[in-house]
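Below: one structure, written as structure tokens.
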Amino acid sequence: MRWDNLGESPAALFGTDVVSRTIDTPEFRGITFHEVRARSIVNRVPGASRMPFEWTVNPYRGCSHACVYCFARKTHSYLDLDTGLGFDSQIVVKVNAPDLLRRELTARRWRGEHIAMGTNVDCYQRAEGRYALMPGIIAALRDHANPFSILTKGTLILRDLELLREAADVTDVGISVSVGFLDRELWRTVEPGTPAPERRLDVVRTLTAHGIPCGVLMAPVIPFLGDAPDQLRATVRAIAEAGAGSVTPLVLHLRPGAREWFMAWLGHHHPHLVRRYERMYAGGSYAPTWYQRRITRQVHEFAREYGIGPYRAGEHRNVRDARDARDTHDTTGAASDADPAGPRDQPAEPTQLTLL
């Protein structure tokens, strides 16, 4: 591992005071936490990314959600950690993240730009239950009225509901929950460390009930396992019934690090699909454009059917605005309960979101 040299250069990610703890309790059994003091916490998104934001905060590296397709697996190799089981069980915890964020938000060079969280690994994974870094992070963003968004599969976000409401009273806050499918057998094997899909939809339901607009990233849509029209329709319907304001599909992509781990999983659980995947992803990390467009078009059609729309960049709404909209909502039901702002125009051409 590269821990020994992490603090010797100005560009080092962490200081040298790394503390590793293996916790032998039922909720953390088999997981080792590497507690580090980060040198920076607000990170610039690579220029080649097509994401609608430029800055991220990631209090953790590695993720106990253990999603076999997770594109962030490759980042563990930068520390000479295993991108397979090591990514799932060797969790780097930036214990100084809240204090460091407060310091960076006050820097003269910082211009209060949007900060995204949960786009690399989930900030509400199980480790957050032990280290509770997010309350301090959200409070810092709230105190500086700095806009932010959170993407998560974790139900632990509900612990911070009141903080989110407070933050959204002073700045733009966007929340998205990731739910790619409803199939429980698929969930148990492909996302073994995550809450069940229906529990994640309960998060959407709870957030919207408290006036916090919430969208769903329908990700990943897994070819040949979760992409049949009846599966897509059922998932979109459940998302709509949970009160989501938007749904955005994202087809499975397999980058180096994740590709090898996913294909090993596929060979074990669905060996008859290996050749089909090799053909589909022969051109690189992404499914063919025609396939992505087909899935996106179908999901958008189902979304229109159930009264919700796709996510749009810059769409994050203030909780205060959402509460005001609810207070003035037409009781005749003329506007959508899921979206107080009313129906949105659909894009002329389906688009695919690309993660980092």
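The values are calculated or read from the model by the stated rules, or taken from the named source; none is laboratory data. Given the structure is predicted, the values throughout are model-derived calculations rather than measurements. Reconstructed Cβ throughout: ideal geometry from the backbone, glycine too, with neighbour counts over all protein chains shown. Protein only, heavy atoms only, side chains kept; ligands, DNA and RNA dropped before computing areas. Shrake-Rupley method; radii C 1.70, N 1.55, O 1.52, S 1.80 Å.
Annotations
- Within the range 284-296, being of a type outside the set (Phe, Trp, Tyr) and either within 14 Å of Leu252 (Cβ to Cβ) or surrounded by 13 or more Cβ atoms within 10 Å (Cβ to Cβ) (or both) holds for Gly284, Ser285, Ala287, Pro288, Gln292, Arg293, Arg294, Ile295, Thr296.
- Among the residues of the range 239-255, those that are touching a helix residue (DSSP H, G or I) at 6+ places or on another chain (Cβ under 6 Å) and either open to solvent by 20 Å² or more (accessible area, probe 1.4 Å) or on the phi < 0 side of the Ramachandran plot (or both) comprise Ala242, Ala244, Val247, Pro249, Val251, Leu254, Arg255.
- Checking Thr75 against (1) surrounded by fewer than 16 Cβ atoms within 10 Å (Cβ to Cβ); (2) at pLDDT below 95, the condition it does not meet: (1)
- Number of residues in the range 142-170 that are in a helix (DSSP H, G or I), buried (at least 18 other Cβ atoms within 10 Å of the Cβ) and in contact with a Ser or Thr (Cβ under 7 Å, 6 or more places away or on another chain): the value is 0.
- Scanning the range 256-283 for residues that are open to solvent by 40 Å² or more (accessible area, probe 1.4 Å), assigned to a helix (DSSP H, G or I) and hydrophobic (A, V, I, L, M, F, W, C) returns Trp261, Met263, Ala264.
- The set of residues in the range 217-253 being of a type in the set (A, V, I, L, M), assigned to a helix (DSSP H, G or I) and within 26 Å of Glu278 (Cα to Cα) consists of Leu232 alone.
- Considering the range 223-264, the residues that are in contact with a Ser or Thr (Cβ under 7 Å, 6 or more places away or on another chain) and not charged (D, E, K, R) include one that is nearest to Ile295 (Cα to Cα), namely Pro249.
- Residue in the range 121-129 that is assigned to a helix (DSSP H, G or I) and buried (at least 21 other Cβ atoms within 10 Å of the Cβ) present: yes
- Scan of the range 75-99 for residues that are more than 17 Å from Val19 (Cβ to Cβ) and among the aliphatic types (A, V, I, L, M), ordered by number: Leu85
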